[in-house]
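The values are calculated or read from the model by the stated rules, or taken from the named source; none is laboratory data. No experiment lies behind these values; they were computed from the predicted model shown. When the accessible area is computed, the model is the full protein with side chains, heavy atoms only, and any ligands, DNA or RNA have been set aside. Shrake-Rupley method; radii C 1.70, N 1.55, O 1.52, S 1.80 Å.
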Amino acid sequence: MKEKLVVILGPTATGKSHCGIELAKRFRGEIISGDSMLVYRHMDIGTAKPTPEELASVPHHLVDILPPDADFSVVDFRERAAALLADITARGRLPILVGGTGLYIKALLEDYRFSTVDSDPALRHHWETYAAEHGPEALHEELRRVDPEAAARLHPHDVRRVVRALETAAGGGSVSRDRAPGPVYDALVFGLTMDRDYLYERIDARVDGMLAAGLEDEVRRLLEAGVRPDCLSMKSLGYRQMAAYLTGHCGYETAVEEIKKGTRHFAKRQLTWYRRMPYVHWLHLDRPPNYEQCVTTMAALLVEWMEKS
C-alpha cells in the first residue's frame, strides 16, 4: 500500500506555509519543508522562513538543518524527505509537504533517479570559459538546446549548476529520465494560485517587508561571518543581489529592483513547472485571500480523500 502524503505547492508569496500549518493542526500533521533555502540556519528574512512561533506550533522538518555555506541538492532532499515521510507515517501522523521548489517536490513525488555521470574536468573548463567569454545567458541557452527540462529549473546565472547539467547531458544523463509516470505515493496535491497582477503586487510588498525587517543586515552578517558570495545559498534570490550591493558591485536601488524582478520571474517559472503536474488540485485565491475558506476547502477534500482509501 502506498504511503499517504499531502502536498501544498504554488508560487512564492501565495501563503503556502500558513495553510500547511493550519492543516497540520487539524489533522495531526507534521510539515516537511520542500523549500531549498529553508534548510539553512541564519538565513531567515530573505527566505521568508516561518517565525519561531509558527515553527513551534506544529512539527517542522528540513528547516534550519545546515550552515549557510553547506551544499544541499535535490538528491539530498529526496533521500531525507522520503525517510522523514516513512517515519512520520509510522508514528501515526500525517506528512504534509509544503514548498515552492518544484524540482524537489516532483523528484520526491515521482521518485526521480538522478544521473551519476562522472565529472569531466576538460569539459567543465570548456563551458566555464564559454560562460566567461559569452555570458551566463549564452551558456544557459546551450543547456536549453540539449536538456530543456534542466534549463527550466536552473537560473541562467547559476553557472556552476548549468555547467554540471551540461556535463551530465554530455554523459548521457538527465534528471528527466528514469522516473515514475506519476506520484509513487498516495498523494493529495494542492496548488495555490491567484491572478498574476495581484501575485506580483504581493511579491513586491513581500520584498519591501524583507528590507524593512533587515535583509541588508542579515546579508551583511553572513558576509562578515565568512560566508562567500559564491556559496550556493548566497546565489539565491535576495541574497545574491544584496551581496552584490554590499560588495560594491551595484547600487542599493538596483539591488532592490533586481530582487523584485527576479522574484516575479521565479514565480512565473514555478507556475510553468507546476502546470506540468496534472495531478495538482488547484485552489484560486481571491483579492485579498480568504485563507480560512481555503483551509476549510482543503480539509473537506482531505477528509473525502482519506475516506476513499
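Which whole-number percent is the relative contact order of the stretch 1-117 (Cα, under 8 Å, 6+ apart)?
Value for the stretch 1-117: 41 percent.
Once you've got the Cα coordinates, tell me which of LYS25/LYS260; LYS2/LYS260; LYS49/LYS106; LYS16/LYS235; LYS106/LYS261 are over 31 Å apart.
Details: LYS25/LYS260 33 Å; LYS2/LYS260 41 Å; LYS49/LYS106 21 Å; LYS16/LYS235 23 Å; LYS106/LYS261 25 Å.
Too far apart for the 31 Å limit: LYS25/LYS260; LYS2/LYS260.
Round to a whole number: what % of the accessible area of the chain belongs to carbon and sulfur, probe 1.4 Å?
The computed percentage sits at 51.
Average the reciprocal distances over every distinct pair of alpha-carbons in the stretch 12-147, invert the result, and give the Kirkwood radius in Å.
It works out to 17.1 Å.
Probe of 1.4 angstrom, ligands and nucleic acids ignored: what's the accessible area per residue over the stretch 223-309, in square angstrom? Intermediate results must be reported in sequence, preceding the final value.
Values: 4880 Å² over 87 residues.
Each residue of the stretch 223-309 exposes 56 Å² on average to a 1.4 Å probe.
Could you state the orientation-averaged shadow area of the convex hull built on the Cα atoms of the chain, in nm² to one decimal?
Mean projected area for the chain: 16.3 nm², to one decimal.
Taking H placed 1.01 Å from N in the peptide plane, check which residues at least 5 places from GLY29 or on another chain put their amide H under 5 Å from its amide H.
Placed amide hydrogens put LEU94 under 5 Å from GLY29.
Can you tell me the orientation of helix 252-274 relative to the chain, as the angle in degrees between its alpha-carbon axis and the longest Cα principal axis, to the nearest 10?
50
At 1.4 Å probe size, with every protein chain present, just tell me what the per residue accessible area of the stretch 55-152 comes to in Å².
Heavy-atom SASA per residue in the stretch 55-152 reads 46 Å².
Over the chain, what is the relative contact order in percent, taking alpha-carbon pairs closer than 8 angstrom and at least six residues apart? Please report the intermediate quantities before stating the final value.
Working: 426 pairs, mean separation 79.3, N = 309.
For the chain, the relative contact order is 26 percent.
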